[in-house]
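The values are calculated or read from the model by the stated rules, or taken from the named source; none is laboratory data. Here the structure is a predicted model, which is why all the values come from computation and not from measurement. Because the Cβ atoms are built from the backbone with ideal geometry, glycine has one as well, and the counts that use them run over all protein chains shown. Surface accessibility is based on the protein's heavy atoms, side chains included, excluding ligands, DNA and RNA. Shrake-Rupley method; radii C 1.70, N 1.55, O 1.52, S 1.80 Å.
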Amino acid sequence: MITLTPLKFSRKLPLLLPLFGAIVLCLSVVPHVAFAAEGDVENGEAVYLKRCVGCHGIDGDGLGPGYDRLVPPPRDFTSGMFKIMSTAFDGYVPQDQDIYEMIRLGMPGTAMPGWADVLSEQDMWDLVAYLKMFPGYDEETPGPVVDYGEQVAISAESIEIGKTLFLEDDRCSECHGDEGKGDAIKRLLGDNGERTWPRNLTKPWTFLHSNDPKDVFTRISVGIPGTQMPSFADPASKLQLSIEERWHVANYVNSLAKTVEVVSAENTVVKSHRLDGEIADDPEDAAWQEATPTTFFLVPQLIAKTRHFTPSNDTITARSLYNDDEIAVLLKWDDRTLSLPGDEDAEKIADSSIYEDQVAIQLPVNPTKGAAKPYFVLGDKERPVSLWRWRSGTTTEPQSASVEIATGPQTPVEPSNQTVQANGRYESGTWTVLFRQKLNADHDSALTFAEGEFIPMAFAVWDGSNSETETKHTLTTWYWMLPESSSTALPFIGAILALLIVIGLEMLWLRAGARKREAEA
Ligand code: HEC
Ligand code: HEC
């Protein structure tokens, strides 16, 4: 048990005060440190007991009530390990500012929430002062911060150099993959033996901190303590990078962020574009490239047993095309692992058990009116759903597609008429699966895809290497699909036609008027 003596701070302050004036003039980070040093430990403890014990535990050991459900687990502050640190790699005591920023912003992709909207700045500084007492950091001075040298501005040239360094000797690609999607085949463990995954660098919303070049520079320079993300400023590293090189790599990492296939709150409808000709199988085909992508968040299934607490996939992107004959949906999602049961390498990377990767499109069996949609997890008795399901196959079985009818999360699914075709392709950490169904197919569903009619649609994804099978998977809530009219240009052309007719009539009327006047004259 740690004894907390708020006096420590006030005892130290008078000794430090003469130094402050001089340091404040030299270093811009110091005013924060000075502010933090004034942190009121007593208030920090009060706020901690109200807001933080649930996860971090009364003794700061990370053993709050929910600790065994969270991956990564809540931090054990007594260990003194902080992941997001700007103290140079050979130090282990974070700057007060580092702790403050983590409290303020939280750690995306983990259970650690940001507190900026809940707590005052002073409360957060008081928490910094309090937290530092768990590992005894109130008694230590952090080492110097990372040397940032002169920041290299983002430019095409810098990004290109960064890319070369990223790939050179497999420096970063060894773990993060050639395109940075975190798909390099490696089994990485954190210091406590917990499974960790190299970050998918194209998804900045999953970063513990941010993808701002300065933050990435700091991560490359310090590494992420407690994980296998190493320091590239460490002279002991064979792959060490100079300050300038680290700026180039940081600029490259920043450039990897997805810009098109990203979730946006307005996007709730998958627009199906109408084609006059054939729908191509190749996702690189021009019509597919022009089809509007709509990206949704995937959340772990927590309602039916077995619940899922450790998802690995977080978004899925849908595009759609249709013609007189069929409707097609192209799904794309990043998955770090190609899960191939029976494959030795795939089994090594996987958790205890490996299953096929899968994806499913969920549709109501009967047309819906207004809000009367089926239950979003596999429908219900009154309102069944059909699932178009694709499975990635094993070393002995090819990939496959099926249609199933479901009537609720607790009832087994029933096979239905096999009316869909699906074909999947895995490349550099991304699955692309194309579903197609004939419009006149003989299916058990009364649902039709009619122009201009909104159809509820939801998605589910399974990462077989992450032990995802049956009800253990990620999913979206209901969204919509809208088969659009033949050409979105039509209303526009219509308006122009109407305008031309009006102008034409006016001309006739003017001319008639003129003739009449001529005749009268
Ligand atoms: C819902 C659970 C939860 C609550 C509540 C919570 N945390 Fe956390 N916290 C976590 C988890 C999980 C981590 C570990 C994330 C990781 O290791 O990547 C963490 C990590 C941290 C870290 C480590 C930052 C670093 O750089 O490594 C700090 C500091 C922290 N929490 C402070 C707080 C404070 C202060 C509060 C209360 C105001 C709080 N947390 C409340 C779950 C929580
Ligand atoms: C040995 C494997 C390994 C190598 C090599 C590696 N990384 Fe990482 N990296 C990781 C792991 C693991 C994580 C996630 C750590 C965690 O669990 O939070 C990570 C996380 C990151 C993050 C996320 C930071 C954040 O805020 O969450 C960035 C950025 C990053 N790495 C960049 C790089 C760059 C650039 C290189 C090459 C200069 C590199 N990494 C080399 C394993 C590696």
**Request:** For residues that are outside any loop (DSSP other than H, G, I, E, B) and small (Gly, Ala, Ser), scanning just the stretch 328-362, find the one that is farthest from LEU434 (Cα to Cα).
**Result:** ALA346
**Request:** Only one of these is small (Gly, Ala, Ser) and within 12 Å of ligand 2 (Cβ to nearest atom): GLY193, GLY226. Name it.
**Result:** GLY226
**Message:** Consider the stretch 187-211. How many of its residues are within 11 Å of ligand 1 (Cβ to nearest atom), at pLDDT below 85 and of a type in the set (A, V, I, L, M)?
**Reply:** 0
**Asked** Just checking, how many residues over the stretch 212-233 are away from ligand 1 (no atom under 13 Å from the Cβ) and either over 20 Å from the mean Cα position of the chain (by Cα) or hydrophobic (A, V, I, L, M, F, W, C) (or both)?
**Response** 10
**Message:** Just to be sure I understand the filter: pairs with C-beta atoms under 9 Å, separated by 6 or more residues or on different chains, first member in the stretch 405-427 and open to solvent by 60 Å² or more (accessible area, probe 1.4 Å), second member among the basic types (Lys, Arg) and at pLDDT below 90. Which pairs pass?
**Reply:** GLN410/LYS305
**Message:** Just to be sure before I move on: is ASP234 open to solvent by 30 Å² or more (accessible area, probe 1.4 Å), assigned by TED's automatic domain parsing to the domain that holds GLY182 and not in a loop (DSSP other than H, G, I, E, B) in the structure I sent?
**Reply:** no
**Request:** Scan the stretch 93-118 residue by residue and report those that are near ligand 1 (Cβ under 8 Å from one of its atoms) and either open to solvent by less than 30 Å² (accessible area, probe 1.4 Å) or of a type outside the set (Val, Ile, Thr) (or both).
**Result:** PRO94, ASP98, ILE99, MET102, ILE103, GLY106, MET107, GLY109, ALA111, MET112, PRO113, TRP115
**Request:** Among the helices (runs of 4 or more DSSP H) lying completely within the stretch 38-113, list those that include at least 3 residues that are of a type outside the set (A, V, I, L, M) and modelled with pLDDT of 95 or more.
**Result:** 41-51, 96-105
**Request:** Test ALA250 against the criterion of being open to solvent by less than 30 Å² (accessible area, probe 1.4 Å), in a helix (DSSP H, G or I) and not assigned by TED's automatic domain parsing to the domain that holds GLY106, and give yes or no.
**Result:** yes
**Request:** Please work out which one of (1) more than 19 Å from the chain's Cα centre (by Cα); (2) within 12 Å of ligand 2 (Cβ to nearest atom); (3) outside any helix (DSSP H, G or I) is the condition GLU278 fails and give its number.
**Result:** (2)
**Request:** Please find, among ALA360, ALA350, ALA372, the residue that is without any contact (Cβ under 8 Å) to a residue 40 or more places away in the chain and either crowded, with 17+ Cβ neighbours inside 10 Å or under 17 Å from ILE455 (Cβ atoms) (or both).
**Result:** ALA372
**Asked** Is it true that ALA88 is more than 10 Å from ligand 1 (Cβ to nearest atom) and free of Cβ contacts under 8 Å to residues at least 24 places away in the same chain?
**Response** no
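Could you list, in sequence order, all residues of the stretch 272-292 that are among the polar types (S, T, N, Q) and over 10 Å from ASN323 (Cα atoms)?
Filtering the stretch 272-292 for residues among the polar types (S, T, N, Q) gives 272, 289, 292.
The answer is GLN289, THR292.
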**Message:** Residue pairs, Cβ under 6 Å, 6 or more apart or interchain, first in the stretch 40-59 and closer than 13 Å to PRO74 by Cα, second open to solvent by 50 Å² or more (accessible area, probe 1.4 Å). List them.
**Reply:** GLY57/LEU63
**Complete:** Selection from the stretch 375-404 of residues more than 28 Å from the chain's Cα centre (by Cα), open to solvent by less than 70 Å² (accessible area, probe 1.4 Å) and under 14 Å from ASP444 (Cα atoms) yields PRO384, SER402, VAL403, GLU404
